[in-house]
Amino acid sequence: MHYLNPTLNPPGLSRHAKTQMQRRCIPEAAVELILDFANATPSGSGTLRYRFDKRSWAAADKLLGSQARAFEKFRNAYVIEASNGTVVTVAWLH
């Protein structure tokens with residue numbers, strides 16, 4: 001886990017990631033949730049892509065409880081993380 005585990009320091013956000021979060025209306029809380037619960041798959045050049053599947057969303061939904069509805073729309077977002085833990089971009093699945 002990245003953010004919700006208080007013993008770990010959150011990874012940094014690249015300038016590009018911050019810009020894309022603003023442009024694509026994906027808040028940092030959604031990025032944190034994705035990093036904490038979504039599945040990671042290799043996406044080339046040593047990066048990982050985090051995105052929800054049914055099982056990982058069910059785990060996030062269980063933790064969020066009544067707040068899950070506020071995050072439902074971010075089920076189709078994904079995060080790309082560099083090998084050093086820096087979030088390099090965020091986007092929507094098409």
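Looking only at residues in the stretch 1-25 that are loosely packed, with under 11 Cβ neighbours inside 10 Å and part of a loop (DSSP other than H, G, I, E, B), the one that is modelled with the lowest pLDDT is Thr7. Against the conditions (1) assigned to a helix (DSSP H, G or I); (2) closer than 17 Å to Gly12 by Cα, Gln67 satisfies every one except (2). A Cβ distance below 7 Å, combined with a sequence gap of six or more or placement on separate chains, defines the contacts here; from the stretch 58-79, residues that are more than 22 Å from Ala17 (Cβ to Cβ) reach residues that are acidic (Asp, Glu) in the pairs Ala68/Asp61. Pairing each residue of the stretch 31-48 that is farther than 11 Å from Tyr78 by Cα with any residue that is among the acidic types (Asp, Glu) and at pLDDT 95 or above, provided the two are 6+ apart or on different chains, yields C-beta distances under 8 Å for Thr47/Glu81. Take the residues in the stretch 33-49 that are part of a helix (DSSP H, G or I) and either charged (D, E, K, R) or in contact with a Ser or Thr (Cβ under 8 Å, 6 or more places away or on another chain) (or both), then tell me which one is surrounded by the fewest Cβ atoms within 10 Å (Cβ to Cβ). The extreme case among them is Asp36.
Residue under question is Leu63, and the condition is that it be under 11 Å from Val87 (Cα atoms) and among the aliphatic types (A, V, I, L, M); does it hold? For Leu63, the condition - under 11 Å from Val87 (Cα atoms) and among the aliphatic types (A, V, I, L, M) - is not met.
Residues in the stretch 69-88 that are aliphatic (A, V, I, L, M) and surrounded by 14 or more Cβ atoms within 10 Å (Cβ to Cβ): Ala77, Val79, Ile80, Ala82, Val87, Val88.
The values are calculated or read from the model by the stated rules, or taken from the named source; none is laboratory data. These numbers come from a predicted model, not from an experiment. Cβ: placed from backbone, ideal geometry, glycine included. Neighbour counts: every protein chain shown.
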